[in-house]
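Engineer: Below are the structure tokens for one structure; questions will follow.
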Amino acid sequence: MLKGRHLIDPMDLSIEEIDEVLELAQRIIREPERFSSACRGRILATLFYEPSTRTRLSFETAMLRLGGEVIGFSEASSSSASKGESVADTIRTVECYADIAAMRHPKEGSARVAAANSRTMPVINAGDGGHHHPTQTLTDLLTIRELKGTLEDLTVGLCGDLKFGRTVHSLIKTLARFRGNSFTLISPPELKVPDYIRDEVLARGGIPFVEYERLENAIASLDILYMTRVQRERFFNEDDYLRLKNSYILDAEKLKKAKSDMIVLHPLPRVNEIAVEVDSDPRAAYFRQAKYGMYVRMALIMKLLGVEA
Amino acid sequence: MMTINAIKKGIVIDHITAGRGIRIFKYLGLDKAKFTVAFIMNVPSVKMGTKDILKIENVIDIDYTVLGFIDPNITITVIDEEKVIKKIKLSLPDRVEGVISCSNPRCITSIEQEVVQRFYLSDRKRATYRCEYCDEIYSPKAQEPV
């Protein structure tokens with residue numbers, strides 16, 4: 001039962017609850033008009049203490065497409081946070097006005113504080129610093145399920161910054177809970193997945209994984225390629241950066257080696273890690289992924305509010 | 001071998017890892033005690049090599065959770081009329097509240113004043129605690145636990 005719950009960490013949801021949200025999202029994709037009044041009379045508060053393009057617009061559009069209304073702020077300077085108000089007090093106030101809230105805050109754990117201070121209003125974590133971003137994970141899962149038809153028995157490649165990328169960690173932890181998946185981790189030595197992912201999630205769970213330094217050596221076996229950006233400042237030395245930087249840029253040449261039904265995902269924003277020439281390839285799914293993000297947020301809002309269509 | 005008299009009524013905190021006794025002494029506020037307290041350091045021990053022991057000639061309130069967090073090896077013996085009436089073996093608590101603080105500057109606890117610091121045991125074997133808010137591993141500071 002998801003009604004009245006908060007969503008802070010993707011791991012808050014059981015496999016069955018994830019299935020429930022994705023199933024509803026897929027029903028919305030098929031018949032969006034059936035859901036256009038599902039949240040009539042309901043209000044979503046978007047509390048964004050730092051800028052965001054996709055996540056905030058996606059949440060707001062999701063609520064509007066369900067027939068609901070939206071209130072909120074898009075930066076801390078236009079809220080009482082600029083006067084020193086705590087997250088706890090902001091939530092206690094917003095709860096008087098809205099039925100559900102989506103919050104992004106630069107501090108890690110802020111969403112947990114918000115949830116702890118909301119008595120009746122479900123709080124969705126829309127990103128708490130470099131910590132959790134559960135609706136991005138749900139977006140990734142919906143995209144995979146829509147385009148591959150399953151979340152099981154997949155060879156999932158993750159490429160780029162696997163050390164600091166929160167979306168990567170959440171996706172590994174979540175897909176590791178589904179049967180038969182294996183992981184191909186492609187990164188420079190400095191940006192490998194943290195030990196706790198390798199030891200506590202993959203090795204302890206008996207999940208097969210291999211590590212590569214170069215994308216061109218790994219791409220042929222993948223069903224999914226999840227790209228992330230490698231930032232120059234993350235490298236310890238310039239030589240390594242110059243030696244490896246092109247390995248983490250997906251272009252048409254590298255894509256030739258990939259399976260014809262592989263899909264390329266990216267949490268966006270993209271800078272230069274996917275060449276623009278790849279956008280026209282049918283395997284490029286990252287802009288469709290942004291659209292699926294809206295559908296999965298529609299489903300999540302409905303589930304947490306306990307409304308039916 | 002040094003001899004310390006047995007106590008009539010009070011508490012013996014035994015099997016303290018050598019060197020940690022002073023933290024427990026401070027945590028329990030025994031420096032201000034008006035009753036007899038014996039703090040014995042580096043006592044030879046077959047099991048532990050050396051250990052610290054605290055003998056307190058008084059019944060005081062002890063938070064076993066905090067003590068277990070400071071040192072899970074501890075044994076507590078409650079004595080009345082020179083007889084052992086209770087023996088408690090401590091272990092690492094699953095949760096620790098309001099005892100230690102998160103050192104992650106990006107954690108919400110660094111700015112949100114009314115938040116109680118909470119940690120959970122993430123790996124019993126390695127005695128690893130993580131912040132309940134940001135999941136940062138607890139790294140002990142010299143002055144902690146208070």
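Engineer: What does the accessible area per residue of chain A come to in Å², with a 1.4 Å probe and no ligands, DNA or RNA counted? The partial results should precede the final answer.
Structural biologist: Values: 12830 Å² over 309 residues.
That works out to 42 Å² per residue.
Engineer: With just the Cα atoms of region B:10-89, tell me how far they stretch along each of the three principal axes, in Å, largest first.
Structural biologist: 30, 26, 23
Engineer: Could I ask something else about it? Would you please put B:79-86, A:98-105 in order of how densely packed they are, using the mean number of other Cβ atoms within 10 angstrom per residue and starting with the highest? Please report the intermediate quantities before stating the final value.
Structural biologist: Details: B:79-86: 11.0, A:98-105: 25.0.
Output ranking for B:79-86, A:98-105: A:98-105, B:79-86.
Engineer: If Lys and Arg each add +1 and Asp and Glu each add -1, what is the summed charge of the other residues whose beta carbon sits under 14 Å from the beta carbon of A:Ile71?
Structural biologist: On the way: positive: A:Arg42, A:Arg56; negative: A:Glu60, A:Glu69, A:Glu95, A:Asp99.
Within the 14 Å Cβ shell, the charges total -2.
Engineer: Calculate the mean, over all residues of peptide A:191-197, of how many other protein chain Cβ atoms lie within 10 angstrom of the residue's Cβ. Provide the component values of the computation, followed by the final result.
Structural biologist: Values: counts 0, 0, 0, 0, 0, 6, 0.
Mean inter-chain Cβ contacts per residue within 10 Å come to 1.
Engineer: Which residues belonging to region B:114-137 lose at least 50 Å² of 1.4 Å-probe accessible area when the assembly is complete, relative to their chain isolated?
Structural biologist: B:Glu114, B:Tyr133
Engineer: On average over all directions, what projected area in square nanometres does the protein assembly as shown have, based on the convex hull of its Cα atoms? Intermediate values should be presented prior to the final figure.
Structural biologist: Values: hull surface 110.2 nm².
Orientation-averaged projected area of the Cα hull: 27.5 nm².
Engineer: Straight-line reach from A:Lys259: which lysines fall under 22 Å, measuring Cα to Cα and dropping same-chain residues less than 8 apart?
Structural biologist: Hits, sequence-local ones excluded: A:Lys148.
Engineer: Set the bar at 19 Å for Cα to Cα. Now go through B:Lys8/B:Lys32; A:Lys245/A:Lys291; B:Lys32/B:Lys86; B:Lys34/B:Lys89; B:Lys8/B:Lys34; B:Lys9/B:Lys47 and name every pair that lies beyond it. Intermediate values should be presented prior to the final figure.
Structural biologist: Values: B:Lys8/B:Lys32 21 Å; A:Lys245/A:Lys291 29 Å; B:Lys32/B:Lys86 26 Å; B:Lys34/B:Lys89 27 Å; B:Lys8/B:Lys34 16 Å; B:Lys9/B:Lys47 27 Å.
Cα-Cα > 19 Å for B:Lys8/B:Lys32; A:Lys245/A:Lys291; B:Lys32/B:Lys86; B:Lys34/B:Lys89; B:Lys9/B:Lys47; rest within.
Engineer: Accessible area of the protein assembly as shown with a 1.4 Å probe: how many percent of it is carbon plus sulfur?
Structural biologist: Numbers: 10490 of 21440 Å².
C and S fraction of accessible area: 49 percent.
Engineer: Of A:Glu213, A:Glu69, A:Glu31, which is the most mobile in a GNM of chain A whose springs link Cα atoms less than 10 angstrom apart?
Structural biologist: A:Glu31
Engineer: What is the Cα centroid distance between region A:251-273 and region A:68-103, reported in whole angstrom?
Structural biologist: 38 Å
Engineer: Return one number: the angle in degrees, 0 to 90 and rounded to the nearest 10, between the long axis of the Cα atoms of helix A:54-65 and the longest principal axis of the Cα atoms of chain A.
Structural biologist: In chain A, helix A:54-65 runs at an angle near 50 degrees to the longest axis.
Engineer: Pop the C-beta distance of B:Arg20 and A:Lys163 into the FRET formula with R0 = 35 Å and round what comes out to the nearest 0.05. Kindly include the intermediate steps, with their values, before the conclusion.
Structural biologist: Working: r = 34 Å, r/R0 = 0.98.
Here the calculated transfer efficiency is 0.50.
Engineer: Also, I was wondering about something else. Residues of region B:42-146: accessible area per residue at 1.4 Å, in Å²?
Structural biologist: Details: 5960 Å² over 105 residues.
Spelled out: the 1.4 Å probe surface of region B:42-146, per residue, equals 57 Å².
Engineer: Now for a separate question. In Å², rounded to the nearest 100, what is the total accessible surface buried by chains A and B against each other with a 1.4 Å probe? Intermediate values should be presented prior to the final figure.
Structural biologist: On the way: alone 13430 and 9240 Å², together 21440 Å².
Buried surface at the A/B interface: approximately 1200 Å².
Engineer: Let me know the Rg and Dmax you get for region B:77-146 when you use only its Cα atoms, in Å.
Structural biologist: When restricted to Cα atoms, region B:77-146 yields Rg and Dmax of 16.1, 53 Å.
Engineer: Cα atoms only: what Rg and Dmax, in Å, come out for region A:166-309?
Structural biologist: Using the Cα atoms of region A:166-309, the pair Rg, Dmax is 16.8, 57 Å.
Engineer: Let me ask something additional. Going highest first, how would you order A:125-131, A:50-56 by mean Cβ packing within 10 Å?
Structural biologist: Values: A:125-131: 24.3, A:50-56: 16.0.
Highest mean packing first, the order is A:125-131, A:50-56.
Engineer: Dipole size in debye (nearest 20) for region B:1-83 around its Cα centre, Lys and Arg Cβ +1, Asp and Glu Cβ -1?
Structural biologist: Numbers: 11 positive and 10 negative charges, 40 e Å.
Magnitude of the dipole: close to 200 debye.
Engineer: Within region B:1-74, which chymotrypsin sites (Phe, Trp or Tyr not before Pro) sit in a loop by DSSP and count at most 13 neighbouring Cβ atoms inside 10 Å?
Structural biologist: Numbers: sites: B:Phe25, B:Tyr27, B:Phe35, B:Phe39, B:Tyr64, B:Phe69; in loops: B:Phe35.
Sites meeting the loop and neighbour criteria: B:Phe35.
Engineer: Still on this structure, I have one more. Among DSSP beta bridges lying fully in the protein assembly as shown, give the percent that are antiparallel, nearest 5. Write down the numbers at each step before the final one.
Structural biologist: On the way: 31 of 65 bridges.
If I count the DSSP bridges inside the protein assembly as shown, around 50 percent turn out antiparallel.
Engineer: Once each part is reduced to its C-alpha centroid, what is the distance from region B:58-99 to region A:110-158 in angstrom?
Structural biologist: Measuring centre to centre over Cα atoms gives 41 Å.
Engineer: Name the residues of region A:95-138 whose accessible area, probed at 1.4 Å, falls by at least 30 Å² once all protein chains are in place instead of their chain on its own?
Structural biologist: When all protein chains are present, A:Lys107, A:Glu108, A:Arg112, A:Val113, A:His131 each give up 30 Å² or more of accessible surface.
Engineer: Same structure, new question: Report the dimensions of chain B along its three principal axes from the alpha-carbon atoms, largest first, rounded to Å.
Structural biologist: For chain B, the Cα spread along each principal axis is 51, 33, 26 Å.
Engineer: Moving on to the next point. Suppose only helical runs count, i.e. DSSP H with n ≥ 4. What mean residue ellipticity at 222 nm does that imply for the protein assembly as shown under -39500 (n - 2.57) per run, divided by all residues and rounded to the nearest 500 deg cm²/dmol?
Structural biologist: Counting only the DSSP helices, I get -7500 deg cm²/dmol.
The values are calculated or read from the model by the stated rules, or taken from the named source; none is laboratory data. The shown structure was predicted, so the numbers you read here are calculated from the model rather than taken from an experiment. When we count neighbours, we look across all protein chains shown, and the Cβ atoms used for this are built from the backbone with ideal geometry, even at glycine. To get the accessible areas, we keep the full protein, side chains included, count just its heavy atoms, and leave off ligands, DNA and RNA. Shrake-Rupley method; radii C 1.70, N 1.55, O 1.52, S 1.80 Å.
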